[in-house]
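The values are calculated or read from the model by the stated rules, or taken from the named source; none is laboratory data. As the structure is a prediction and not an experimental result, all values here were calculated from the model. Glycine gets a Cβ as well: all are built from the backbone with ideal geometry, and neighbour counts include every protein chain shown.
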Amino acid sequence: MSSTGSKIRVILTSLAFISGCAATMPFINRYSSADKVASSGGFEKCYVKSGRFTLTSYSRINCPGAPINVYIEGDGVSWLTRTQISSDPTPREPLVLELAAIDPAENVAYIARPGQYTASGVPDCDASYWSDKRFSEEIINAVNSALDDLKAKGRSREINLIGYSGGAAIAVIVAAKRNDCASLRTIAGNLDPDAVNRYNKVTPLKGSLNPMDFAGNISRISQRHFASAGDRVVPIYITKTFAEKTGDRNGESITIVGGVTHSAGWQKSWPSFLKLPLYKKTD
């Protein structure tokens, strides 16, 4: 082979290597950003094995025996377009982890969803579990197992669940199936995936549970639902309908927030939002 041909091959190989690195860098940056946020909040990272899933968790236990505030991540980057599923559902920005990090409670934890922030850096489950089956019975069981692990770690008897977007759907279903959930907060919650998908004109989920079907089962749990006034992903009527099904017919459990979008702006006021009274059905 001529020296010119060899040079061309070296250049092409180098370009392929650079291109491959560029493709993986966004995911690496997502992981490192989360680790930095976790470090700033004094969190310890661990991996919880549950059935076919290994969930990534961060936690800060400063008062063993006290309740734990547990944040459940949203769907992340589950789809790149309406028709193209993502190869890695890890969130582009660590919004939920940032909210957990500024939570002043003594015991705080965060649970990522299947395929997010994995130990290997590559999703370790089938893509259906961050698409059609994102709210499946298998995932609910995995999150329940992670909660049991966190409770044992903190020697806690109660948990306070905080779910963002799709994580709110998980939080509702989990709360309905447990007897140790002292409170529930949702943020821009996808509380009716069927209705949300109709609103966004996308196909319905197959193999997932719908939190709206569990609304009546959490009526005795203290709760607050935060909705963005300008949310273009989950419209406010979804939150209002859900609240009504829990027995809150006057919307007392709902806080409508201005100046935020579905995925941005929640950090600034979050500590003050945590101080707002929780609604509990009394009759």
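Observations, loosely collected:
- Test result for Ala229, of a type in the set (A, V, I, L, M) and surrounded by 15 or more Cβ atoms within 10 Å (Cβ to Cβ): no
- Among the criteria (1) closer than 15 Å to Lys45 by Cα; (2) of a type in the set (Val, Ile, Thr); (3) in contact with an Asp or Glu (Cβ under 8 Å, 6 or more places away or on another chain), the one Val108 does not fulfil is (3).
- Of everything listed in (1) under 17 Å from the mean Cα position of the chain (by Cα); (2) at pLDDT below 95, the single unmet condition for Val172 is (2).
- Meets criteria (surrounded by 21 or more Cβ atoms within 10 Å (Cβ to Cβ), aliphatic (A, V, I, L, M) and either at pLDDT below 95 or not in a helix (DSSP H, G or I) (or both)) for Leu15: no
- For the residues Lys151, Lys133, the requirement of being surrounded by fewer than 21 Cβ atoms within 10 Å (Cβ to Cβ), in contact (Cβ under 8 Å) with a residue 60 or more places away in the chain and either within 11 Å of the chain's Cα centre (by Cα) or under 26 Å from Arg224 (Cβ atoms) (or both) singles out Lys151.
- Residue tally, condition outside any strand (DSSP E or B) and crowded, with 19+ Cβ neighbours inside 10 Å, over segment 42-68: 2
- Residue selected from segment 69-86 under the condition closer than 20 Å to Tyr110 by Cβ and in contact with a strand residue (DSSP E or B) (Cβ under 8 Å, 6 or more places away or on another chain), by the criterion surrounded by the fewest Cβ atoms within 10 Å (Cβ to Cβ): Ser78
- Whichever residue in segment 270-283 is surrounded by fewer than 14 Cβ atoms within 10 Å (Cβ to Cβ) and modelled with pLDDT of 95 or more and, among such residues, is nearest to Pro94 (Cα to Cα): Pro271
- Out of Ile238, Ile256, one residue alone is modelled with pLDDT of 95 or more and crowded, with 20+ Cβ neighbours inside 10 Å. It is Ile238.
- Of all the listed residues (Tyr58, Tyr31), the sole one being hydroxyl-bearing (Ser, Thr, Tyr) and over 13 Å from Gly115 (Cα atoms) is Tyr58.
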